[in-house]
Amino acid sequence: MTNPSTETVSVPQVDLTGEVCPMTFVRAKLHLAKMAPGGVIEFVLKPGEQMRNVPQSLKSEGHRIEKVTREDDRCCLIVRKGA
C-alpha cells in the first residue's frame with residue numbers, strides 16, 4: 001500500500017516560452033479554461049516580460065500562484081485554478 005503523503009502527483013506542463021505577450025497570457029488562460037477549479041498546472045516561461053506579466057494577470061483573474069522556480073533561461077510557474 002502506498003502512502004499518499006509520499007506519492008508524486010503528475011502536473012501537466014505547458015511550455016509558453018515560444019509565445020510573445022500578450023499571447024503568452026491568452027494561451028495560459030485557454031489551458032486553465034479546460035480545467036476544473038482547484039486543478040494545478042505548470043507553465044514554463046521566459047524570465048523578463050513573460051514572468052512580469054503572466055503571474056500578475058493570472059492572479060488578477062483569481063488564480064493562485066503555488067510555486068515559482070527558475071532554471072537557467074526559463075521559469076516554472078505552478079498555478080492552481082481559481083473558482
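Here, each number is a calculation from the coordinates, and none is a lab measurement. Remember, it's a predicted structure, so these values are computed and weren't measured experimentally. Cβ atoms come from the backbone with ideal geometry, glycine included; neighbour counts cover every protein chain shown.
Quick look at the values:
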| item | result |
| --- | --- |
| Cα centre as origin, Lys/Arg/Asp/Glu Cβ charges: segment 13-80 dipole, Debye | 260 |
| Rg over Rh [alpha-carbon atoms, Kirkwood Rh] for the chain | 1.00 |
| Segment 7-46: trypsin sites (Lys or Arg not before Pro) in DSSP coil with no more than 16 other Cβ atoms inside 10 Å | 34 |
| Selected from 54, 20, 44 as most flexible by GNM, with the chain as the system and alpha-carbon contacts under 10 Å | 20 |
| Lys/Arg +1, Asp/Glu -1 at C-beta; the chain dipole; positive extreme among 68, 56, 10 | 56 |
| Zone residues, segment 42-83, relative to residue 23, backbone N less than 20 Å from point 7 Å out along Cα-to-Cβ | 43-55, 57-58, 74-75 |
| Nearest 10 degrees, 0 to 90: helix 23-33 Cα axis against the chain principal axis | 30 |
| Those GluC sites (Glu not before Pro) in segment 21-83 that DSSP places in a loop and that have at most 15 other beta carbons within 10 Å | 61 |
